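Structure first, then comments.
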Amino acid sequence: MANQFKAPHFHDEDAARAWFESARWPDGPVCPNCGSLKHYATKKAGRYRCAEKECRKDFTVQTKSIMERSHASLTQWAAAFHLYAASKKGFTATQLQRHLGCQYNTAWFLHHRVMEAMRRGGLDLPPMGGPGRPVEVDEAYHGNVKNRRPSPQRGSRPFTKGGKVGVGGKRVIISLLDRENKNVRSFHVPTADAETVARLVRENVHKESRLHTDESKLYISVGKEFAAHETVVHAAKEYARGDVTTNTVEGYFSIFKRGMRGNYQHCAEKNLHRYLAEFDFRYNTRNITDGERAALAVRGGEGKRLTYRQPH
Ligand SMILES: [Zn+2]
């Protein structure tokens, strides 16, 4: 990894600006206020003035993006985008701080914003699957929730499993995976109930797809809305029958869990969706180079601004 940081855009602000401009605007600067391609250069490098009569606003590559109102240098931003794009397991704010040799607050700021940029990664979201195409759906449980859900069967005490925290006390992740293009979408949901699952599947999957799940009751009802709903019976140790399987989505879960174990032990529940998005993004872009992935994330950061409070 050290070698790739020899490129000029990691050391030189002008080179970094040029890199961000070509990532965000492959066809030249676009006014973020009105979308016009017509602009003038100003005396300040990297600052443009919209040539549209009604607009005339000044902008830079940071305007209306997750990089707006940041004190970090563009070389720091470039390094952060590359590190997150290249890492297989994700990156923590502390690791980023060490790498950049910056203040923790700066690293924390960059960390959350780059993750947010990866959330969509410039990819739009058409329905998954299509006529005859298998879409795997499965749920996973990760980490404990702060306030455990009371169980109606246990007189409002929390769910348990063999005296331990049961699934009612775990954070629930639902992932949908289009097996043809190996594209995944993951969601952190408050509870794994049929209604929640049905909504996610309905909103994301093409109706003519074949839904592949395990035997869980969660999918029975919504499964009827699709061209086919085929299941494998995990209880009977059945993992694949013909091309019916949930192995691909389970493979995704194991990548996620491995990554989270190594790096994100203290991931707050409210941030789980961002970590999921980061893993989804890396998984969905695994066939492009780290540099292309970083550029894609920059485009994903367009029009986004976060209003996080600093940690301290
Ligand atoms: Zn404009």
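Just for helices (runs of 4 or more DSSP H) wholly inside the stretch 204-285: which have at least 2 residues that are within 28 Å of Gly300 (Cβ to Cβ)?
The helices (runs of 4 or more DSSP H) meeting that bar are 247-263, 272-284.
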query = Across the stretch 25-42, what is the number of residues that are within 14 Å of the ligand (Cβ to nearest atom), hydrophobic (A, V, I, L, M, F, W, C) and open to solvent by 40 Å² or more (accessible area, probe 1.4 Å)?
reply = 3
query = Restricting to the stretch 68-110, what's the tally of residues that are on the phi > 0 side of the Ramachandran plot and either over 17 Å from the mean Cα position of the chain (by Cα) or surrounded by fewer than 16 Cβ atoms within 10 Å (Cβ to Cβ) (or both)?
reply = 2
key: Index of the failed condition, Phe187 passing every other in (1) modelled with pLDDT of 90 or more; (2) open to solvent by less than 50 Å² (accessible area, probe 1.4 Å); (3) in a strand (DSSP E or B); (4) closer than 24 Å to Met260 by Cα   = (2)
note = Of (1) under 27 Å from Arg282 (Cβ atoms); (2) in contact with a strand residue (DSSP E or B) (Cβ under 9 Å, 6 or more places away or on another chain); (3) at pLDDT 90 or above, Arg171 satisfies every one except (3)
query = Is it the case that some residue within the stretch 57-67 is surrounded by 15 or more Cβ atoms within 10 Å (Cβ to Cβ), within 11 Å of the ligand (Cβ to nearest atom), under 28 Å from the mean Cα position of the chain (by Cα) and at pLDDT 95 or above?
reply = yes
message = Could you check the stretch 5-24 and list, in sequence order, the residues that are in a helix (DSSP H, G or I), open to solvent by less than 50 Å² (accessible area, probe 1.4 Å) and farther than 15 Å from Thr63 by Cα?
response = Phe5, His9, Phe10, Ala15, Ala16, Trp19
Filter pass, Ala51 being within 16 Å of the ligand (Cβ to nearest atom) and open to solvent by less than 70 Å² (accessible area, probe 1.4 Å) = yes
Residue tally, condition surrounded by fewer than 18 Cβ atoms within 10 Å (Cβ to Cβ) and under 23 Å from Asp280 (Cα atoms), over the stretch 201-237 = 4
Matching residues in the stretch 112-142 - criterion: being modelled with pLDDT under 75 and among the small types (Gly, Ala, Ser) = Gly121, Gly122
ask   = Does Phe81 qualify as being within 18 Å of Ala18 (Cα to Cα), in contact with a Cys (Cβ under 9 Å, 6 or more places away or on another chain) and in contact (Cβ under 8 Å) with a residue 24 or more places away in the chain?
value = no
query = Which residue pairs have Cβ atoms under 9 Å apart, sit 6 or more places apart or on different chains, and have a first residue in the stretch 25-43 that is part of a strand (DSSP E or B) and a second that is among the charged types (D, E, K, R)?
reply = His39/Arg49; His39/Glu52; Tyr40/Arg49; Ala41/Arg47; Ala41/Arg49
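The values are calculated or read from the model by the stated rules, or taken from the named source; none is laboratory data. Values in this document were obtained by computation on a predicted structure and should not be read as measured data. Here the Cβ is made from the backbone with ideal geometry for all residues, glycine too, and neighbour counts use every protein chain on show. Note: areas computed on protein heavy atoms with side chains; ligands, DNA, RNA excluded. Shrake-Rupley method; radii C 1.70, N 1.55, O 1.52, S 1.80 Å.
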